[in-house]
Amino acid sequence: MTTELVAADDAAAPAPDRGLTPRTARRLAIAERVLYGAAGTWAAVGPLTDVPWWAHGTAVVTGALSGGRLWRHTARQDGPGLLLATMRSLPVLGWSTAYTAGLLAPVIHYPNGWPMLGAALWTAVMIPMAPWTRSRGLKRAIIAQVPEYADQEETALVPARPAPTTYEGHLRLMWELSPSTGASELCRIHQYDADRPDFEAVILAPAGQAVPATVNVKSVAAVFDVPPAAVTLQPVDGYGPGRLAVRVAPTVAEDDAKDQGLERLWARRVSGPGGMLPGMEMVDHRIDEDRIRILVEADDDAMIHLPRKKLARALHAEDPELVMVETDGMARGVVTVYREHPLINIREATAEDLTMGPDGLIRIGLRHDGRPFKMALYSPELGGLTDLAVGAMGSGKSVFLLTVLAAERISGVISLVADAQSGMSLPEAKGRVRHFGAGIAALGATLAAACAVADYREQVSSANGWGSFTLGSPWSLVNVTLDEINMVLGEHALVPPEFRKWVTGMIARLQQTGRKFGFGIRFAGQSIHVTDLGDAEKIRANAKQGLVWMGRVNSNMTQSMASDMVSDGTEITPIRPFFGNVSDELIAAWDGKETPPGPVTAGMAWGLQGGRAVLMRVFKALKKDKTYPHLISLFETAPAIPGFTPEEDRIFQAAYADSLAAAEHFLAGESDDEDGDGGGKRKSKRPGPPRTSAPAAPKSLRDQVLDALADGETRRTREIRSEVGVGTPDGPAAGSVDNALSKLAGEGLVVRAGHGSWALAPTP
């Protein structure tokens, strides 16, 4: 509180009517009682004396006028105002009634003693009651309890008073009406925020007096009906005891109480010696209406470690899904505790969301904290990227893929799509992308045609000395999307091993050099492990540069993908099928009841990018008549489908037609080969891989080791390593070769021929 607050005009507003002082009230009561004694004596003897008629008439008319006035008050007032009017009319009405009864006694033959007894009774009641004097104190009490009666007209027996129209006016009125504030005033009122009741002011005593001792923290809290903790009193710098600075801040006090409670809870349950995560210190926090955010920093000798379930337990969260964690993988992290799950409600995508920026990014959904979740269609520095989309049936994987494909069309990216499930997973994309292949054979043919175009671009780039890809100069970006890839490369895929090798080889071809010519690749399936996708190490490395969208899958796969892709220490937990509170479900189980399932979590996923994990949800898409009309309309936002150059298109079409025919023929299990003996044709049950212009499938490390020993000579380990390419840029690691030799020895295919020497096992 600064002296500037009170340096301006200190003139006090006129003091309100404080009623009678005790001394004045005593004098008025004495005078009133003397008057009642004289009036009572006259009411007893006056009617029996011989006085002029007008004297008797005056007594009667006075009572009638007083009764009429009281009647008018009953029509205009009720409650406190009527009580005051009645109390002040009582002496006149009683006296006039007693006097009139004395006048009528001879006429109606009352005994002469009765009128005198009535006058004596009136006098006996009025003298101790002193109603006029008491009405002044009653009026003061009524104004204190019901301030609006201070605004009534003078005829209502309460002095006129303007009603406060501002917050400051109400504060001054509350101060003036409190008996503990004495004659002091509340001035220089400053409200901090129009939406909050907190304010500061100066208490000003009358000139030459000190602020009353009755003004303390408790009395001020009582005046404004706030907790004592919300009140602060202190002297005003540069002034004497006649001024006192006051601060009344109930909302600040409430926030402080919450802050202190959260800090104590964190220190006791999380970071303290007996906490669940010692050393994870709270350095700052923010309490909002729907969430609490906590900035955490690990001790200098510790790495950041914030497991969600332990935090939920420590912070008394009812459901671990309400606790979100993000870290930098080293020292700092942000913990967010929500009141309800933030991703239950989500909007639909717009064309603006799906328009790629110069950085190659689009918005495909929202993060848990409401910020947009972005993914890259390509990288200006790296070219084409590798993406993985994994999700069980009903997880929202198809909506994710369709949203990305719509973004590619809107952004001028060529989409080559192959759906191994006969086109059933992505029917909305058919006819709305540059190429759509349905079935396992079409998936292989799509890859072969993409490789053929990549070969063409490689030849042109080599001839021109280009070492990297520039968007639109001269070619468009091409992204190959392979849906339900697990039907071809999965552990239980029903395809011949030769076909799988062929597909794996082409994937490796695009992985190795395709990005340099503007080719990206996207895998999607219900249960993808990186080891299913050919060269696991390269795919893992490339996927870290792109996006892994991991929806609802089984927990084993969750942990496997997390260990492969996440390096910031974030705890990846499986996504449940429905939103709901685990605590409510447990209580229902205890009570033997059932809880209805909440909204489905379709579209919610962990987004793994650059070694970090973020919980997000894809923009909403509602299904109607077995399709997604909103996504279809987003496709149609761009009237033209991006396509190849004429030469590229010719190459793609020719390669696709040749490869599709060869793949279908191969998968049918039949081929026509020349019979060496009779010159005729015979049917082979299993032909070789399709003969196309696509690169041949690369040999596995196991096969390369066997080829190195195929001449029957004994080779030392270092010679085998050199033979298979250890030490070259794309070669395997030395440890991988040693592991392969050990496995082959276990299978009985190679034998040790001395220390550090190997040879093929002899043929039995």
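The values are calculated or read from the model by the stated rules, or taken from the named source; none is laboratory data. This is a predicted model, so every value here is computed, not measured. As a convention, Cβ positions derive from the backbone with ideal geometry for all residues, glycine included, and neighbour counts pool all protein chains shown.
Tell me yes or no: at least one residue of the stretch 209-226 is at pLDDT below 85, aliphatic (A, V, I, L, M), over 30 Å from Ala331 (Cα atoms) and outside any loop (DSSP other than H, G, I, E, B).
First pass over the stretch 209-226, keeping only residues at pLDDT below 85: none.
Taking every residue of the stretch 209-226 in turn, none turns out to be at pLDDT below 85, aliphatic (A, V, I, L, M), over 30 Å from Ala331 (Cα atoms) and outside any loop (DSSP other than H, G, I, E, B).
Can you tell me how many residues in the stretch 496-509 are part of a helix (DSSP H, G or I) and surrounded by fewer than 24 Cβ atoms within 10 Å (Cβ to Cβ)? Step through it out loud before you land on a result.
Of the residues in the stretch 496-509, the ones part of a helix (DSSP H, G or I) are 497-509.
Imposing the further condition that a residue be surrounded by fewer than 24 Cβ atoms within 10 Å (Cβ to Cβ) reduces the set to 497-501, 504-505, 508-509.
So the count comes out to 9.
Please verify whether Val334 is modelled with pLDDT of 90 or more and either closer than 28 Å to Gly444 by Cβ or exposed (fewer than 15 other Cβ atoms within 10 Å of the Cβ) (or both), treating the condition exactly as stated. If you could, list the steps in order and put the result at the bottom.
Working: modelled with pLDDT of 90 or more: yes; either closer than 28 Å to Gly444 by Cβ or exposed (fewer than 15 other Cβ atoms within 10 Å of the Cβ) (or both): no.
Answer is no for this residue.
Rundown of residues vs (1) free of Cβ contacts under 8 Å to residues at least 60 places away in the same chain; (2) under 30 Å from Pro629 (Cβ atoms), yes/no style:
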| residue | (1), (2) |
| --- | --- |
| Leu322 | yes, no |
| Gly333 | yes, no |
| Pro342 | yes, yes |
| Ile346 | no, yes |
| Gly357 | yes, yes |
| Phe373 | no, yes |
| Ser379 | no, no |
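The rows are residues; the columns are (1) among the aromatic types (Phe, Trp, Tyr); (2) over 25 Å from Lys309 (Cα atoms); (3) exposed (fewer than 15 other Cβ atoms within 10 Å of the Cβ); (4) in contact with a His (Cβ under 8 Å, 6 or more places away or on another chain).
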position: Arg339; (1), (2), (3), (4): no, no, yes, no
position: Ile344; (1), (2), (3), (4): no, no, yes, no
position: Thr350; (1), (2), (3), (4): no, yes, yes, no
position: Gly357; (1), (2), (3), (4): no, yes, yes, no
position: Gly360; (1), (2), (3), (4): no, yes, no, no
position: Arg371; (1), (2), (3), (4): no, no, yes, no
position: Ala376; (1), (2), (3), (4): no, yes, no, no
position: Ser379; (1), (2), (3), (4): no, yes, no, no
position: Gly384; (1), (2), (3), (4): no, yes, no, no
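Out of the residues in the stretch 458-495 that are of a type in the set (D, E, K, R) and either outside any helix (DSSP H, G or I) or without any contact (Cβ under 8 Å) to a residue 40 or more places away in the chain (or both), which is farthest from Gly391 (Cα to Cα)? If you could, list the steps in order and put the result at the bottom.
Applying the first criterion (of a type in the set (D, E, K, R)) to the stretch 458-495 yields 458, 483-484, 491.
Filter once more, so that each one left must be either outside any helix (DSSP H, G or I) or without any contact (Cβ under 8 Å) to a residue 40 or more places away in the chain (or both): 483-484, 491.
Numbers: Asp483: 11, Glu484: 10, Glu491: 17 Å.
Restricting to residues being of a type in the set (D, E, K, R) and either outside any helix (DSSP H, G or I) or without any contact (Cβ under 8 Å) to a residue 40 or more places away in the chain (or both), the top hit is Glu491.
Among the listed residues Ala349, Ala312, Ala298, identify the single one that is at pLDDT below 90 and more than 14 Å from the chain's Cα centre (by Cα). Break it down stepwise before answering.
Details: Ala349 fails: at pLDDT below 90; Ala298 fails: at pLDDT below 90.
It is Ala312.
Inside the stretch 625-648, can you point out the residues that are in a helix (DSSP H, G or I) and surrounded by 14 or more Cβ atoms within 10 Å (Cβ to Cβ)? Spell out the reasoning first.
The initial filter retains those residues of the stretch 625-648 that are in a helix (DSSP H, G or I), namely 629-635, 646-648.
His630, Leu631, Ile632, Leu634, Phe635, Glu648 - these are the residues of the stretch 625-648 that are in a helix (DSSP H, G or I) and surrounded by 14 or more Cβ atoms within 10 Å (Cβ to Cβ).
Can you tell me which residue is nearest to Gln511 (Cα to Cα) among those in the stretch 720-733 that are surrounded by fewer than 15 Cβ atoms within 10 Å (Cβ to Cβ) and without any contact (Cβ under 8 Å) to a residue 60 or more places away in the chain?
Looking only at the stretch 720-733, we keep the residues that are surrounded by fewer than 15 Cβ atoms within 10 Å (Cβ to Cβ), and these are 725, 727-730, 733.
With without any contact (Cβ under 8 Å) to a residue 60 or more places away in the chain added as a condition, the list becomes 725, 727-729, 733.
Details: Gly725: 19, Gly727: 20, Thr728: 17, Pro729: 15, Ala733: 19 Å.
My answer is Pro729.
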